[in-house]
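Notes follow the structure.
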Amino acid sequence: MKVAIVHEWLDSYAGSERVVEQMLAVFPEADLFALVDFLPETERGFLGGRTPRTSFLQRLPFARRRFRHYLQLMPLAVEQFDLRGYDLVLSSSHAVAKGAITGPGTLHLSYVHSPMRYAWDLQHQYLAQAGLERGPASLYTRWLLHRLRQWDQASAARPDAILANSRYIARRIAKAWRREAQVLHPPVDVEGFPLGAGPRGHFLVAGRQVPYKRIELVAEAFRALPDQRLIVVGDGPSAPLVRAAAAGAPNIEIRGRVPQAELVALLQGARAFVFPAEEDFGIGMVEAQAAGAPLLAFARGGAEDIATPETGLLFPEQSAEAIRAAVRAFLARESDFRPEACRANALRFSIARFREGLAAAVARAMEARA
């Protein structure tokens, strides 16, 4: 079987690239296509020596640093990939990859990380954060997003079957595209986060500090819980806001970015991992569970799929008050959340489970076409 894998862009080894890595593991002879390839040499190991086939965007001026500025050309670019002769096309899509054009003899299965958030329900948030709420630039951007929505919905009919990385994303797909998606959770390196056997003495929040993560709410919540120790790990544009929320609170320790080994140790020693963001999935939550840490998470997004009654508590809104209430509820029944149960829950999202699920999804789609 001749297989092609289509990915949006390669500029770092992050969540969607980990999915591509496992697609390549399941189909090691596959050819890889990407709109652009600017991966640093230090992050290219998962490609296994492959040289991806890129689009005309690769050669445009300033593409290395500003390829995202060519968003309006990406639908055209992905449609230019010559996928004739392939029996199976797998696309890894959070923007345009699912719009690749295939013939009637080719099965196209698209793994969707999310429909284009900035073109659909998060448009107004995107415009506000970019300072594009008024003026000529705002008008042009709104027109561009309108055109992208039209193309996005039309091209959503091209895959023969769609996989979503969570039930939350499956609902977004149904809303934006009117397509049904099967859920296949992304692969998580649970073996890299072994179960901790030592004492657990602190609460932990970790992640890139950007506005939607709402990490400052956790610091604000623990200011009013002086007997509970909180460690904050991570850095980013919202770091000043987080530091301001924690200012003067001796029970809150801010460490910034830490090496992987230190993060693993912190998770192994955490009484609970606090996750206030609304994420499409939330790999960090699975990593925390793998290390034996219960979850205190916002009850939206991927947390609905990850947390179970035996391994965590969900709070109903993104507020310091709701987080404090969740912490108090957790303290009242902390002994109910066993590290071994958290670890067992995390194994549902292992790399092996993803590979099995992907192979099974391909087999089902092929059988449906027979």
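The table for this structure:
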{"quantity": "Cβ crowding within 10 Å averaged over residues, with 174-185, 280-291, 303-314, 328-339 ranked highest first", "calculated": "280-291, 303-314, 174-185, 328-339"}
{"quantity": "Summed side-chain charge close to residue 202 - residues other than residue 202 whose Cβ falls under 10 Å, Lys, Arg +1, Asp, Glu -1", "calculated": "+2"}
{"quantity": "Peptide ranges 347-353, 264-270 listed from the most packed, as the mean C-beta count within 10 angstrom indicates", "calculated": "264-270, 347-353"}
{"quantity": "Total charge dipole magnitude, the range 190-349, about the Cα centre, Cβ charges on Lys, Arg, Asp, Glu only, Debye to nearest 20", "calculated": "360 debye"}
{"quantity": "Span from the the range 286-327 Cα centroid across to the the range 230-281 one, whole angstrom", "calculated": "15 Å"}
{"quantity": "Three-way shape label, the range 103-221, alpha-carbon gyration tensor, a/c 1.5", "calculated": "oblate"}
{"quantity": "For residue 156, net neighbour charge (Lys/Arg +1, Asp/Glu -1) across residues whose Cβ lies under 13 Å away", "calculated": "+4"}
{"quantity": "Nearest-ten-degree value, helix 351-369 long axis tilted from longest Cα axis of the chain", "calculated": "40 degrees"}
{"quantity": "Restricting the range 1-106 to GluC sites (Glu not before Pro) in coil, as DSSP defines it, with at most 10 other Cβ within 10 Å", "calculated": "29"}
{"quantity": "Low-density loop positions, trypsin sites (Lys or Arg not before Pro), the range 84-120 - DSSP coil, at most 14 other Cβ in 10 Å", "calculated": "84"}
{"quantity": "Distance between the range 148-179 and the range 129-146 - C-alpha centres, whole angstrom", "calculated": "24 Å"}
{"quantity": "Neighbour net charge for residue 32 - beta-carbon separation under 10 angstrom, K R +1, D E -1", "calculated": "0"}
{"quantity": "Shape call, the range 190-349: gyration tensor on alpha carbons, a/c limit 1.5", "calculated": "rounded"}
{"quantity": "Rounded to 10°, Cα long-axis angle of helix 320-332 versus longest principal axis of the chain", "calculated": "60 degrees"}
{"quantity": "Helix-only mean residue ellipticity at 222 nm for the chain, each DSSP H run of n ≥ 4 adding -39500 (n - 2.57), per residue, nearest 500", "calculated": "-11000 deg cm²/dmol"}
{"quantity": "Stokes-Einstein D (µm²/s) once Rh is taken as the Kirkwood radius of the chain over alpha-carbon pairs, at 37 °C in 0.692 mPa s", "calculated": "150 µm²/s"}
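All of the numbers you see were taken from the coordinates with simple rules; none came from a lab. As the structure is a computational prediction, the values presented were derived from the model and not from experiment. Counting neighbours? That spans all protein chains shown, and the Cβs are built from the backbone with ideal geometry, glycine included.
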